[in-house]
1. Quickly run through segment 33-54 and pick out the residues that are among the acidic types (Asp, Glu) and more than 19 Å from Ile68 (Cβ to Cβ).
2. Among the numbered criteria (1) hydrophobic (A, V, I, L, M, F, W, C); (2) free of Cβ contacts under 8 Å to residues at least 24 places away in the same chain; (3) open to solvent by 30 Å² or more (accessible area, probe 1.4 Å), which single criterion is violated by Ala32?
3. What residue, among those in segment 52-73 that are within 20 Å of Glu19 (Cβ to Cβ) and free of Cβ contacts under 8 Å to residues at least 40 places away in the same chain, is most open to solvent (accessible area, probe 1.4 Å)?
4. Suppose the filter is more than 13 Å from the chain's Cα centre (by Cα), charged (D, E, K, R) and modelled with pLDDT of 90 or more; does Glu15 pass it?
5. Please find, within segment 51-73, the residue that is modelled with the lowest pLDDT out of those that are assigned to a strand (DSSP E or B) and closer than 14 Å to Phe5 by Cα.
6. Residues being open to solvent by 40 Å² or more (accessible area, probe 1.4 Å) and under 20 Å from Leu60 (Cα atoms): count how many of those fall in segment 35-47.
7. Search segment 20-32 for residues being more than 11 Å from the chain's Cα centre (by Cα) and acidic (Asp, Glu), and hand back the single one that is farthest from Gln70 (Cα to Cα).
8. In segment 33-50, which residues are more than 13 Å from the chain's Cα centre (by Cα) and in a loop (DSSP other than H, G, I, E, B)?
Amino acid sequence: MKQKFLLCVDNQGYEASLELRKLYETIPDKEAELHNHVRIIDESGEDYLYPSKFFAPVKLPMQTKNRILQKAA
């Protein structure tokens, strides 16, 4: 499974769950995408749905992705 990361650019209404300028790992969710939402692992360590407009896509080198995922495990 290809890992995707998003950068939080807005957290209005979700200040306790999302940190601005923080990188978040996504979990694929086709149903959520149909409703302009993304499923991410937030500050609680759980996955939740948030509006897609709160995030910007980022491209990371494979080595960087691997290092992030190793630290999360």
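The values are calculated or read from the model by the stated rules, or taken from the named source; none is laboratory data. These figures come from a predicted structure and were not determined experimentally. So basically every Cβ, Gly included, is an ideal-geometry build from the backbone, and we count neighbours across all protein chains shown. Surface areas here come from the heavy atoms of the whole protein model, side chains and all, with no ligands, DNA or RNA. Shrake-Rupley method; radii C 1.70, N 1.55, O 1.52, S 1.80 Å.
1. Hit for segment 33-54 is Glu33, nothing else.
2. Single failed check for Ala32: (3).
3. Lys71
4. yes
5. Ranking the candidates gives Pro57 first.
6. Number satisfying all stated conditions: 2.
7. Among those residues, the one meeting the criterion is Glu31.
8. His35, Asn36
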